[in-house]
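I have placed the structure first, in the form of structure tokens, so that the comments after it can refer back to it.
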Amino acid sequence: MGSTFTAMQADPPAKKQRKPRTAPTRCDLCRAKLLSYFVDGKTRFGMWANLCVSCHDVYGLKLGTGRGQLYEIVDGHRVKVWG
């Protein structure tokens with residue numbers, strides 16, 4: 001009983017730091033270069049894609065859980081902004 005209590009008092013293991021995910025460089029539909037923002041989202045065709053903002057306006061669904069997320073590109077990595 002004492003060893004279980006002692007184990008419970010020990011510090012939990014440190015959480016692993018996630019490596020930042022590299023941002024895509026081109027829109028999956030029009031192949032335009034992604035400069036500052038992009039959407040990882042579901043299209044009206046049913047497939048998911050990395051979309052430039054223009055393609056998302058035409059072919060994308062709304063943002064949110066199960067629909068799509070807006071990301072900003074910072075130093076070549078994606079930073080979630082909304083969704």
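Values in this text are rule-based calculations from the coordinates and carry no lab data. Just so it is clear, the model here is predicted, and its values are computed rather than measured. As a convention, Cβ positions derive from the backbone with ideal geometry for all residues, glycine included, and neighbour counts pool all protein chains shown.
Pull up segment 49-73, narrow it to residues that are in a strand (DSSP E or B), of a type outside the set (V, I, T) and over 13 Å from G83 (Cβ atoms), then point me to the one that is farthest from the chain's Cα centre (by Cα). Even if it seems obvious, please write down each step before you answer.
Of all residues in segment 49-73, those in a strand (DSSP E or B) come to 49-51, 60, 64, 68-73.
This time we only want the ones that are of a type outside the set (V, I, T), so: 49-51, 60, 64, 68-72.
Filter once more, so that each one left must be over 13 Å from G83 (Cβ atoms): 49-50.
Values: A49: 12, N50: 10 Å.
Ranking the candidates gives A49 first.
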Open item on the list: Residue under question is C55, and the condition is that it be surrounded by 20 or more Cβ atoms within 10 Å (Cβ to Cβ) and on the phi < 0 side of the Ramachandran plot; does it hold?
Closed with: yes
Task: segment 70-83 residues that are closer than 18 Å to H56 by Cα, paired with ones that are outside any strand (DSSP E or B) (beta carbon under 6 Å, 6 or more apart) - done: L70/L63; L70/G83; I73/A23; I73/S36; R78/R21; R78/A23; W82/L63; G83/L63
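Name the single residue, out of those in segment 31-48 being in contact (Cβ under 8 Å) with a residue 24 or more places away in the chain and exposed (fewer than 13 other Cβ atoms within 10 Å of the Cβ), that is farthest from W82 (Cα to Cα).
Initially, segment 31-48 is screened for residues in contact (Cβ under 8 Å) with a residue 24 or more places away in the chain, giving 34-42.
When the remaining residues are screened for being exposed (fewer than 13 other Cβ atoms within 10 Å of the Cβ), the result is 35-36.
On the way: L35: 17, S36: 14 Å.
Top of the filtered list is L35.
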- [ ] Give D75, D57 a once-over and let me know the one that is closer than 22 Å to K19 by Cα, among the charged types (D, E, K, R) and out of contact with any Phe, Trp or Tyr (no Cβ under 7 Å at 6 or more places or on another chain).
- [x] D75
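Going through segment 36-48 one residue at a time, which ones are in contact with a strand residue (DSSP E or B) (Cβ under 7 Å, 6 or more places away or on another chain) and in a loop (DSSP other than H, G, I, E, B)? Break it down into steps so the answer makes sense when it comes.
Going through segment 36-48, the residues in contact with a strand residue (DSSP E or B) (Cβ under 7 Å, 6 or more places away or on another chain) turn out to be 36-43, 48.
Within segment 36-48, S36 is the sole residue that qualifies.
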TODO: For segment 38-54, enumerate the residues that are touching a helix residue (DSSP H, G or I) at 6+ places or on another chain (Cβ under 6 Å) and under 27 Å from K19 (Cβ atoms).
DONE: V39
